[in-house]
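Novice: To start, I am sharing the structure in question, which I have written as structure tokens.
The values are calculated or read from the model by the stated rules, or taken from the named source; none is laboratory data. Source: prediction; values computed, not measured. Note that we place each Cβ from the backbone using ideal geometry, even for glycine, and neighbour counts take in every protein chain shown. These area figures cover heavy atoms from the full protein model, side chains too; ligands, DNA and RNA do not enter into them. Shrake-Rupley method; radii C 1.70, N 1.55, O 1.52, S 1.80 Å.
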Amino acid sequence: MEIHIVTDAAEGAQAVADVFARTLRETAGDGTVLGLATGSSPVPAYTELIRRHREEGLSFAGARAFLLDEYVGLPAGHEQSYHRFIRENFTSHIDIEDAAVLSPDGAAADPTAEAAAYDRRIGEAGGVDLQILGIGSNGHIAFNEPGSSLASRTRVVGLTRRTIADNARFFENAEDVPVRALSQGLGTIRDARRIVLTATGEGKAEAVAQLAEGAISARWPATSLQLHPDVTVVVDEAAASRLELADYYRYARSLEQTGTVAAHS
Ligand code: GLP
């Protein structure tokens, strides 16, 4: 796991966008498959990617995308659906076909069957080349709440009270927040060939410390990413504030970038 501690959201957005650009370059012509996340954390990176598309010609032509999750009960057109969120914040501003941006159908009559079909569709597309992730304050990724099997696949999950409270800010009333979601599983997410996770702010500090340095456990679902060989974690100083090995990560990064040993404690 490569930990990249940045000074602000703008530097973080550059770092995440660089991982996208590298993956698009490496998979050019092969129909890149992107794994997209909602939530506020990835938005600065999406904004930077839109800028690079408009100003620097970064192209997503031929790419396909799979969203991580969707609320059960919200139809695609609902203003709080993740289907809509990703279009408004990212995909309708770049050159990816709208029909190539897929998400689980929150309004499916049989959500369990929809979950299994969605998992299969990702495999049939050849798997995800790059998955972007945020992290919940309780260590969830997508909607894999504490207690999720580390081998879980896409399924229907119940949201914790804490997640419902965290997400209530997007809804008019807390009672309007759906209590279940369709979510890619931890095993599904780890099938992606490359992962970039981004987090900012003190509220994520404990989850980030567990993610990078905690014991692998269903208690903190993001720790399952320690088993993946290609994960970059982009965090600001506040989100990094509980990392015991922060100085080492800074040192390792400067060593990798400059080939020289920077001062560190
Ligand atoms: C939701 C999403 C997650 C996201 C998390 C954090 O629960 N299902 O994918 O990572 O929120 O959101 P934010 O980035 O807004 O803090």
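Novice: Which one of 174, 113, 159 is farthest out on the positive end of the charge dipole of the stretch 72-195, using unit charges on Cβ (Lys, Arg +1; Asp, Glu -1) and the Cα centre as origin?
Specialist: Of the candidates, 159 comes out farthest on the positive side.
Novice: Antiparallel versus total DSSP beta bridges in the stretch 85-223: what percent is that, nearest 5? Spell out each step's value before the answer.
Specialist: Working: 6 of 9 bridges.
Here the share of antiparallel DSSP bridges comes out near 65 percent.
Novice: Between 49, 159, 182, where does the largest GNM mean-square fluctuation fall for the chain, given springs only between Cα atoms within less than 10 Å?
Specialist: 159
Novice: Ok, one more. With all protein chains present, how much of the accessible area of the chain (probe radius 1.4 Å) comes from carbon and sulfur, to the nearest whole percent? Before the final figure, lay out each step's value.
Specialist: Numbers: 5780 of 11580 Å².
Within the chain, the accessible surface is 50 percent carbon and sulfur.
Novice: How big is D for the stretch 85-215, in µm² s⁻¹ as a whole number, if Stokes-Einstein is applied with the Kirkwood radius of its Cα pairs at 25 °C and 0.890 mPa s?
Specialist: Values: Rh = 16.1 Å.
The Stokes-Einstein estimate is 152 µm²/s.
Novice: State the percent of C-alpha pairs, over all pairs in the chain, separated by a distance greater than 35 angstrom.
Specialist: On the way: 3850 of 34980 pairs.
So the pairs more than 35 Å apart make up 11 percent of the total in the chain.
Novice: Which value, in Å² and to the nearest 10, is the accessible area of residue 232 when all protein chains are kept and the probe is 1.4 Å?
Specialist: Near enough 20 Å² of accessible area.
Novice: Enter the accessible area of residue 7 (Å², nearest 10), with the probe set to 1.4 Å and all protein chains included.
Specialist: Residue 7 has an accessible surface of roughly 100 Å² with all protein chains in place.
Novice: Using the Cα centre of the chain as the reference point, and only Cβ charges (+1 on K/R, -1 on D/E), how large is the resulting charge dipole? Debye, rounded to the nearest 20. It would help to have the intermediate numbers written out before the result.
Specialist: Values: 24 positive and 37 negative charges, 88 e Å.
Here the chain has a charge dipole of around 420 debye.
Novice: Going by Cα centres, the stretch 96-134 and the stretch 33-74 are how many Å apart?
Specialist: Each part reduced to its Cα centre gives a spacing of 14 Å.
Novice: Now for a separate question. How much area per residue is accessible in the stretch 1-90 when the probe is 1.4 Å and only protein heavy atoms are counted (Å²)?
Specialist: Details: 3680 Å² over 90 residues.
Ligands and nucleic acids excluded, the result is 41 Å² per residue.
Novice: Hey, what D do you get for the stretch 25-71 in µm²/s if you plug the Kirkwood alpha-carbon radius into Stokes-Einstein at 25 °C and 0.890 mPa s?
Specialist: 205
Novice: Related question: I'd like to compare 102-113, 34-45, 216-227: which one has the highest average count of other Cβ atoms within 10 Å, and what's the full order after that?
Specialist: Values: 102-113: 17.0, 34-45: 22.5, 216-227: 19.4.
The packing order, highest mean first, is 34-45, 216-227, 102-113.
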